[in-house]
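First comes the structure, then the notes that go with it.
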2 protein chains.
Amino acid sequence: MEKSLMHKDKKPVAVPEPTIRRMPAYLTLLRQLKDEGQEFISAPRLASFFNLDPTQVVKDLAYAGAAGRPKVGYVVEKLVEILEEFLGFNRKHEAFLVGAGFLGSALIQYQGFREAGMKIVAAFDTDKKKIGKDISGVPVFDLAKFRDLAGRLHISIGIITTPSSAAQQIADLMVGWGIKAIWNFAPISIKVPPHVIVQDTHIYANLAVILNKLNNAGR
Amino acid sequence: MEKSLMHKDKKPVAVPEPTIRRMPAYLTLLRQLKDEGQEFISAPRLASFFNLDPTQVVKDLAYAGAAGRPKVGYVVEKLVEILEEFLGFNRKHEAFLVGAGFLGSALIQYQGFREAGMKIVAAFDTDKKKIGKDISGVPVFDLAKFRDLAGRLHISIGIITTPSSAAQQIADLMVGWGIKAIWNFAPISIKVPPHVIVQDTHIYANLAVILNKLNNAGR
DNA sequence: ATTTAATAAAGAATAATATCTTTAATAAAA
DNA sequence: TTTTATTAAAGATATTATTCTTTATTAAAT
Ligand SMILES: NC(=O)c1ccc[n+]([C@@H]2O[C@H](COP(=O)([O-])OP(=O)(O)OC[C@H]3O[C@@H](n4cnc5c(N)ncnc54)[C@H](O)[C@@H]3O)[C@@H](O)[C@H]2O)c1
Ligand SMILES: NC(=O)c1ccc[n+]([C@@H]2O[C@H](COP(=O)([O-])OP(=O)(O)OC[C@H]3O[C@@H](n4cnc5c(N)ncnc54)[C@H](O)[C@@H]3O)[C@@H](O)[C@H]2O)c1
């Protein structure tokens with residue numbers, strides 16, 4: 001039986017994306033509380049860390065299948081387990097990264113992904129100066145030599161950190177590799193077949209929100 | 001007169017955050033179309049690039065103050081100007097960055113911010129090996145020597161790319177410096193006074209969305 | 001001229017999300 | 001034991017965002 005909330009007719013209810021996006025933040029804090037030896041946490045207190053409505057936290061946690069006790073709250077350790085399981089942070093998805101430049105290198109060496117269900121196992125580039133090196137133990141290969149990687153690898157995620165101009169062609173290549181999800185950091189929208197998952201992480205979207213607030217601050 | 005939509009009672013209507021977040025993507029594409037010499041673009045065509053509903057694009061552009069002509073669409077060059085002006089990408093906000101590690105270095109050398117209204121003018125770190133160096137022309141200073149920077153600098157944005165453990169204390173410092181907005185990349189929620197703008201860019205939120213789709217793909 | 005097709009724009013309807021309200025559980029205090 | 005305070009959980013409402021529908025505009029075709 002799934003942990004997610006069930007609809008009356010037994011079909012799993014889709015978890016709202018805003019809920020999914022908040023969950024890792026809960027988890028990060030909860031892991032810290034766990035390390036500090038805190039046993040229980042209530043939704044109102046958890047909410048206060050993030051300036052959220054307490055009922056929202058309760059509902060988010062309910063989507064993951066967590067239950068709390070009145071007057072006590074949730075068991076921190078249990079909650080960490082439930083969220084890790086629900087988010088898939090304790091499984092291990094392997095990833096290829098294409099574009100071992102500044103951002104690519106930062107992602108490759110980033111240890112945080114290890115506790116978040118993703119492991120970058122290889123990088124690819126076209127720059128002779130980068131090929132053959134390794135970054136924190138992750139080898140950088142010549143992309144040209146891997147153009148026709150047989151599909152059906154056990155790699156589920158492809159990360160794009162090339163310039164925009166190359167992003168679509170890299171995406172096409174990854175689709176050919178049989179990759180299931182593409183995490184794109186180039187500031188363009190890539191096109192893929194419907195069965196491939198795409199997550200664009202557009203840095204300018206965040207900057208735009210900041211500038212909008214800054215420029216309207218005097219209102 | 002503001003470019004933004006007006007309510008009947010003349011108060012400016014708040015632009016929805018989802019709209020703000022989509023706008024930079026429109027702008028990036030429009031700049032490219034402009035470079036390619038394309039004169040007009042219709043909302044339906046623009047929408048098809050992003051798999052959006054055409055009326056959504058029309059409404060988003062209307063928020064920026066753009067008007068199109070039936071049967072023709074929008075004038076690309078005009079639209080670029082309007083969006084740049086609306087987003088504040090043609091003003092110049094100066095920024096300080098604290099934590100000149102992998103991610104910080106990537107952000108510092110990233111040329112894209114130049115066309116997006118933000119210029120990183122200095123970086124700070126506590127690591128002796130980084131202090132005194134410069135990254136793409138941006139000097140890295142010893143944070144300890146700049147603890148009590150006089151407020152009222154012309155710096156409006158503070159970027160945090162330190163480990164989580166240091167993020168809150170850096171935020172407090174930045175607030176003391178008189179910084180107006182904080183762009184935080186550490187995966188924790190920082191607390192600031194209400195007059196300070198905070199934008200958390202939590203990498204795990206994006207990863208969680210990917211993993212959720214991946215793990216539920218078989219449904 | 002007149003008609004047609006494409007489109008922006010405005011408005012209505014729908015859907016998604018967040019907040020508020022009520023209820024029930026339960027631990028601690030009286 | 002009884003009361004009180006706190007809380008989760010469920011449900012109702014409100015808000016926000018998206019999509020659908022209609023109307024009006026305009027360029028091109030007839
Ligand atoms: N640097 C940042 O902070 C940052 C932030 C957000 C988004 N981005 C985006 O991430 C991407 C990379 O940025 P960066 O600053 O790391 O740039 P970079 O130039 O340091 O890295 C790009 C890398 O891609 C490689 N490359 C180029 N064409 C390629 C191809 N066809 N196949 C394989 N590899 C190829 C280059 O050799 C280089 O190593 C850009 O699209 C940028 O807009 C960067
Ligand atoms: N690397 C990534 O791809 C990535 C992605 C998303 C978020 N993040 C987050 O960004 C932050 C930095 O990640 P990173 O991979 O660049 O780490 P890093 O270790 O390379 O860089 C951190 C830098 O902060 C400096 N620092 C430490 N304490 C400091 C202090 N008190 N004051 C000033 N400087 C201090 C360190 O000397 C170092 O230069 C982390 O919070 C990480 O979770 C990283």
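Within the range B:106-127, how many residues are within 14 Å of chain A (Cβ to nearest Cβ) and away from ligand 2 (no atom under 14 Å from the Cβ)?
10
Run down B:Ala171, B:Ala205 and say which single residue is touching a Lys or Arg at 6+ places or on another chain (Cβ under 7 Å) and at pLDDT 95 or above.
B:Ala205
So which residues in the range B:87-129 are among the aromatic types (Phe, Trp, Tyr) and open to solvent by 40 Å² or more (accessible area, probe 1.4 Å), if there are any at all?
B:Phe102, B:Tyr110
Quick test for you: out of B:Val192, B:Val138, B:Val196, B:Val209, pick the one residue that is within 14 Å of chain A (Cβ to nearest Cβ), closer than 30 Å to A:Gln199 by Cβ and open to solvent by 30 Å² or more (accessible area, probe 1.4 Å).
Just one listed residue meets the conditions, B:Val192.
What is the number of the single condition among (1) free of Cβ contacts under 8 Å to residues at least 40 places away in the same chain; (2) within 14 Å of chain B (Cβ to nearest Cβ); (3) not polar (S, T, N, Q) that A:Ile157 does not meet?
Evaluating A:Ile157 over (1) free of Cβ contacts under 8 Å to residues at least 40 places away in the same chain; (2) within 14 Å of chain B (Cβ to nearest Cβ); (3) not polar (S, T, N, Q) leaves (1) as the failure.
Just to be sure before I move on: is A:Ala14 within 14 Å of another protein chain (Cβ to nearest Cβ) and at pLDDT below 95 in the structure I sent? Give the derivation first.
Numbers: within 14 Å of another protein chain (Cβ to nearest Cβ): yes; at pLDDT below 95: yes.
Against the criterion (within 14 Å of another protein chain (Cβ to nearest Cβ) and at pLDDT below 95), A:Ala14 qualifies.
Conditions first: (1) within 13 Å of another protein chain (Cβ to nearest Cβ); (2) surrounded by 12 or more Cβ atoms within 10 Å (Cβ to Cβ); (3) at pLDDT below 95. B:Arg31 passes all but one, so which condition is the exception?
(3)
If I ask for residues that are touching a Ser or Thr at 6+ places or on another chain (Cβ under 6 Å) and either within 16 Å of ligand 2 (Cβ to nearest atom) or under 16 Å from A:Val15 (Cα atoms) (or both), which ones from the range A:30-86 would you list?
Listed by number, the residues that qualify are A:Asp60, A:Tyr63.
Would you please name the residue that is farthest from DNA strand D (Cβ to nearest atom), looking only at residues in the range B:17-28 that are open to solvent by 30 Å² or more (accessible area, probe 1.4 Å) and over 11 Å from A:Asn212 (Cα atoms)?
Out of the qualifying residues, it is B:Thr28.
Just a yes or no: is a residue in the range A:78-99 within 16 Å of DNA strand C (Cβ to nearest atom) and more than 10 Å from every other protein chain (Cβ to nearest Cβ)?
yes
Given the conditions (1) within 16 Å of ligand 1 (Cβ to nearest atom); (2) outside the structural domain of B:Val98 (by TED's automatic domain parsing), which single one is not true for B:Thr161?
Going through (1) within 16 Å of ligand 1 (Cβ to nearest atom); (2) outside the structural domain of B:Val98 (by TED's automatic domain parsing) one by one, B:Thr161 breaks only (2).
Select from the range B:156-188 the residues that are part of a loop (DSSP other than H, G, I, E, B) and surrounded by fewer than 17 Cβ atoms within 10 Å (Cβ to Cβ) and write down the one among them that is farthest from ligand 2 (Cβ to nearest atom).
B:Gly178
Rundown of residues vs (1) more than 14 Å from A:Pro24 (Cα to Cα); (2) assigned by TED's automatic domain parsing to the domain that holds A:Glu115; (3) open to solvent by 20 Å² or more (accessible area, probe 1.4 Å), yes/no style:
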residue	(1), (2), (3)
A:Phe40	yes, no, yes
A:Arg45	yes, no, yes
A:Leu52	yes, no, yes
A:Thr55	yes, no, yes
A:Leu61	no, no, no
A:Lys71	yes, no, yes
A:Glu81	no, no, yes
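The values are calculated or read from the model by the stated rules, or taken from the named source; none is laboratory data. Here the structure is a predicted model, which is why all the values come from computation and not from measurement. Backbone-built Cβ (ideal geometry, glycine too); neighbour counts: all protein chains shown. With ligands, DNA and RNA removed, areas are computed over all heavy atoms of the protein, side chains included. Shrake-Rupley method; radii C 1.70, N 1.55, O 1.52, S 1.80 Å.
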